[in-house]
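To start, the structure itself, in structure tokens.
The values are calculated or read from the model by the stated rules, or taken from the named source; none is laboratory data. Remember, predicted model here, so these are calculated numbers, not experimental data. Using ideal geometry, Cβ is built from the backbone for each residue, glycine included, and neighbour counts are taken over all protein chains shown. Remember, those area values only see protein heavy atoms, side chains included, never the ligands or the DNA or RNA. Shrake-Rupley method; radii C 1.70, N 1.55, O 1.52, S 1.80 Å.
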Amino acid sequence: MSLSYDFKGKVALVTGANTGLAVSTAIQFAKSGASVVVSGQYADSRLTTVANECRNTGANVLEMAADPTREEDLQKLVDKTMSTFGRIDILVNCSVHHENALIIDPLFMVKYRKTMQTNLEAMVFMTSICVEHLEKTRGTIINISSIRSARASPKESAYCMAKSAIDMFTKCMATELGPKGIRVNSVNPYTWDPNNIPLDPFVDMAPKMPAQRVGLSDDLAFAVLFLAAKEASFITGTNMLVDGGHTAAGLP
């Protein structure tokens, strides 16, 4: 039996939609009937392409750039969403910045601050300014984390710390916002091809994975849609691994 989700009448706000996993997430929400806010750091052709793909499904779409490191940009994004659609039902926090750096790198602290601002602080701020709107719709928040929240990796300390904090923030918000009718979960992926095509270097990982393939961006999008749907109404405070068994197999 196949399962499809019906988000007609719902508004999904997806950040980080210039590239990566947020792209498929926005498109899948549009295909499922939601009105979609497609936001990315830059007002560029990539963001417009994503917005147009959502429009091609027949969805109502708001396309708006917002720098996740600027609180005034994020506030304008939420205000514009409310003036356009009048509600927010689903917030998908997917802004990502990832730079490798050793602790002895002279630019480590610069890279660390940018990583924390984009991955963590933007998520915290977006959550704080969306609570009043999500409470009215008994909405849901899905934070995009990573398996790196629990698995260390050389040169990725800032990224790993940010993702670890996201997992705990998710749990804390689930307990804090539950009485307001808001569910909060995270999705923790690994080995993704952003174009839904398994190309190098991902294919080399496939034989090592219990799932015998690498993840595609739609795999994450379907997990996000499930967590946002009424079928998941008893799930909150969860850090959902969507990693093809990577963690279970103890892969690096």
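For the stretch 77-122, what is the relative contact order in percent, using Cα pairs closer than 8 Å and at least 6 residues apart in sequence?
Working: 21 pairs, mean separation 15.9, N = 46.
Relative contact order of the stretch 77-122: 35 percent.
Percent relative contact order of the chain, based on C-alpha pairs within less than 8 angstrom and at least six residues apart? Write down the numbers at each step before the final one.
Details: 509 pairs, mean separation 45.0, N = 252.
It comes to 18 percent, rounded to a whole number.
Give the lysines reachable from Lys180 as a straight Cα distance under 21 Å; neighbours fewer than 8 places away on the same chain don't count.
Qualifying lysines at Cα under 21 Å: Lys10, Lys136, Lys171, Lys230.
If you place +1 on the Cβ of every Lys and Arg and -1 on the Cβ of every Asp and Glu, how big does the dipole about the Cα centre of the chain come out, in debye to the nearest 20? Please report the intermediate quantities before stating the final value.
Values: 24 positive and 25 negative charges, 82 e Å.
The dipole magnitude comes to about 400 debye.
Select from Met126, Met173, Met82 the residue whose mean-square fluctuation is largest in a Gaussian network model of the chain (Cα-Cα springs shorter than 10 Å).
Maximum fluctuation in the GNM of the chain, among the listed residues, is at Met82.
Can you give the relative contact order of the stretch 40-187 as a percent, counting alpha carbon pairs under 8 Å and 6+ residues apart?
Values: 202 pairs, mean separation 32.4, N = 148.
Reported relative contact order: 22 percent.
For the chain, modelled as a Gaussian network with Cα springs under 10 Å, which listed residue fluctuates most, Thr81, Thr118, Thr49?
Largest GNM mean-square fluctuation: Thr49.
Can you compute the charge dipole magnitude of the stretch 1-81 about its Cα centre, using +1 on each Lys and Arg Cβ and -1 on each Asp and Glu Cβ, nothing else charged? Give it in debye, rounded to the nearest 20.
300
With a 1.4 Å probe and all protein chains left in place, how much of the accessible area of the stretch 11-242 comes from carbon and sulfur atoms, in whole percent? Numbers along the way, then the final one.
Values: 5680 of 10320 Å².
Summing carbon and sulfur atoms, their accessible area is 55 percent of the total for the stretch 11-242.
Is any helix in the chain, taking whole DSSP H runs, at least 27 angstrom long along its axis by alpha carbon and on average at least 0.0 on the Kyte-Doolittle scale, and which ones? Present the calculation step by step, with values, prior to reporting the outcome.
Numbers: long enough: 157-177 (29 Å, 0.47).
Span-like helices in the chain: 157-177.
So, in Å, what gap is there between the alpha-carbon centers of the stretch 120-183 and the stretch 1-50?
19
Extension gain Ser83-Thr48, at 0.36 nm per residue separation less the Cα-Cα distance, in nm?
Details: separation 35, 0.36 × 35 = 12.60 nm, distance 2.05 nm.
Extra length available between Ser83 and Thr48 comes to 10.6 nm.
For the chain, what does the accessible surface come to per residue with a 1.4 Å probe? Please give it in Å².
Details: 11730 Å² over 252 residues.
Per residue, the chain has 47 Å² of solvent-accessible surface.
Could you tell me what percent of the DSSP beta bridges with both partners in the stretch 11-242 are antiparallel, to the nearest 5?
Values: 0 of 27 bridges.
Antiparallel bridges make up about 0 percent of those DSSP assigns within the stretch 11-242.
Of Cys94, Leu74, Ile182, which is farthest towards the positive pole of the chain's charge dipole, taken about the Cα centre with +1 and -1 on the beta-carbons of Lys, Arg and Asp, Glu respectively?
Toward the positive end, the furthest listed residue is Ile182.
Assuming R0 = 25 Å, can you tell me the calculated FRET efficiency for the pair Leu107 and Glu176, based on Cβ-Cβ distance, to the nearest 0.05? Provide the component values of the computation, followed by the final result.
Numbers: r = 36 Å, r/R0 = 1.43.
Working from the Cβ atoms, E equals 0.10.
Positive end of the charge dipole of the chain (Lys, Arg +1 and Asp, Glu -1 on Cβ, about the Cα centre): tell me which of Ala158, Thr19, Gly250 has its Cα farthest that way.
After comparing all options, I get Gly250.
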